[in-house]
1. Given the structure, is LYS244 without any contact (Cβ under 8 Å) to a residue 60 or more places away in the chain and within 16 Å of the ligand (Cβ to nearest atom)?
2. With the condition being surrounded by 15 or more Cβ atoms within 10 Å (Cβ to Cβ) and in contact with a Gly (Cβ under 9 Å, 6 or more places away or on another chain), I'd like the strands (runs of 3 or more DSSP E) fully within the range 157-262 carrying at least 3 qualifying residues.
3. Please go through the range 109-126 and pick out each residue that is outside any helix (DSSP H, G or I) and among the hydrophobic types (A, V, I, L, M, F, W, C).
4. Could you list all residues from the range 313-333 that are assigned to a loop (DSSP other than H, G, I, E, B), on the phi < 0 side of the Ramachandran plot and surrounded by fewer than 16 Cβ atoms within 10 Å (Cβ to Cβ)?
5. Residues of the range 111-127 being β-branched (Val, Ile, Thr) and either in contact (Cβ under 8 Å) with a residue 40 or more places away in the chain or buried (at least 24 other Cβ atoms within 10 Å of the Cβ) (or both), which ones?
6. Can you report the number of residues in the range 296-312 which are part of a loop (DSSP other than H, G, I, E, B), surrounded by fewer than 19 Cβ atoms within 10 Å (Cβ to Cβ) and not hydroxyl-bearing (Ser, Thr, Tyr)?
7. So which of MET284, MET303, MET297, MET261 is in contact with a strand residue (DSSP E or B) (Cβ under 7 Å, 6 or more places away or on another chain), modelled with pLDDT of 95 or more, under 30 Å from TYR36 (Cα atoms) and more than 16 Å from the ligand (Cβ to nearest atom)?
8. Quick test of your reading of the structure: ILE295 fulfils all but one of (1) over 28 Å from GLN57 (Cα atoms); (2) in contact with a helix residue (DSSP H, G or I) (Cβ under 6 Å, 6 or more places away or on another chain). Name the failing condition by number.
Amino acid sequence: MISEFPHLIDLNDHPVSWWNGLLDLGEKILQNPALYAGSCKGKIMGTLFYEPSTRTQMSFQTAMLRLGGTVIGFDNPATSSVAKGENLKDTTKIVSGYADVVVMRHPIMGSAKAAALTADCPVINAGDGGHLHPTQTLTDLLTLKCEKKRLSGLTIGLCGDLYNGRTVHSLCKAMSCYPDNHFIMISTKELRMPSYIKDIVRAHGGTYEETESLEDAIPKLDVLYMTRIQRERFASEEEYFAQKDTYILTTKKMQLAKPDMIVLHPLPRVDEIEVPVDDDPRAMYFKQAKYGMYIRMALILTMLQSKAKTELLAGEVHKGVSCPNPKCITHAEPYLPKSFAGKGTTLVCEYCDERILLK
Ligand code: NCD
């Protein structure tokens, strides 16, 4: 299925040259924001936030306001017709008729692609459940470009909830497309990086190792990317409390790190970085959040100027086959075509990337 509009559902749907263009534009805007102050005058951005957000939502809003545009939307579905039982298709159809670009965050995997299927304007994925978060990755890339002066040849430690954390999924997929990046995935056995992401890293030529020890990994790192344990994505509170507090970055552990290692975190922080670490010049997470506003300015501008079409579903519906992932949008929105990529005995859900082995 081809959509008439450009969308950002997964960064890897676009070539690396497109990401690099956004990063160059983001850097230009950062150096001289006034130059872009009226570039989206008369344009409206619709924000559909079905899940809590501070940075993503407000950085998108301020990005649009700084470009001279305006913003409509909700940050609590309970105050919209969603509370009356409206499905994702209808809400998207209506808001995309009012706005020039829609930014959506949703707790279910594959929801952004589902929204793009019916939207009458570009859709930007601002996080779909535990799946992907492409605009956080653009934020991370701009931070690395400006602070490390390169996107290749980096040893990147990813620490925390690598299973449920959408930011680290998108980041791994993206950074493995630049040469010579090595990932050290630091997590408990239960919260390891999903296999499909590791397969993508390998396929792109990236390398990785897995460890449970932050202390062992930290001296080797150029970048340490901390994440919180994603409480809302656990089946029970017991499972969450069993994982909570496993990894806490302290000033003592920072003494083991290289003098030029930088610490990133998509935020919000719970307690995985001790507050005194904030005073270490290598702590870059607050600055990182600010880079997010500039890259989102670049993204909005680019999306509004683009006439590109997007191939959203390229696979097939297989009789009697549905996605086995209970967190996939195809279960919550049953009208969606259950489309799978791949041939033979391995299929891949085109919404949530779950792999299915047919017998
Ligand atoms: C992240 C998210 O929502 O996935 N936050 C963000 O967008 N900056 C990380 C998180 O919630 O832990």
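1. For LYS244, the condition - without any contact (Cβ under 8 Å) to a residue 60 or more places away in the chain and within 16 Å of the ligand (Cβ to nearest atom) - is met.
2. Where strands (runs of 3 or more DSSP E) fall fully within the range 157-262 and carry at least 3 residues being surrounded by 15 or more Cβ atoms within 10 Å (Cβ to Cβ) and in contact with a Gly (Cβ under 9 Å, 6 or more places away or on another chain), they are 182-186, 223-226.
3. If the condition is that a residue be outside any helix (DSSP H, G or I) and among the hydrophobic types (A, V, I, L, M, F, W, C), then MET109, ALA119, CYS121, VAL123, ILE124, ALA126 are the ones that fit.
4. ALA314, HIS318, LYS319, VAL321, SER322, PRO324, PRO326 - these are the residues of the range 313-333 that are assigned to a loop (DSSP other than H, G, I, E, B), on the phi < 0 side of the Ramachandran plot and surrounded by fewer than 16 Cβ atoms within 10 Å (Cβ to Cβ).
5. Scanning the range 111-127 gives VAL123, ILE124.
6. Qualifying residue count, the range 296-312: 3.
7. Result of the check over MET284, MET303, MET297, MET261: MET303.
8. The one condition ILE295 does not meet is (1).
The values are calculated or read from the model by the stated rules, or taken from the named source; none is laboratory data. What you are looking at is a predicted structure, and each value in this text was computed from that prediction instead of being measured. Glycine gets a Cβ as well: all are built from the backbone with ideal geometry, and neighbour counts include every protein chain shown.
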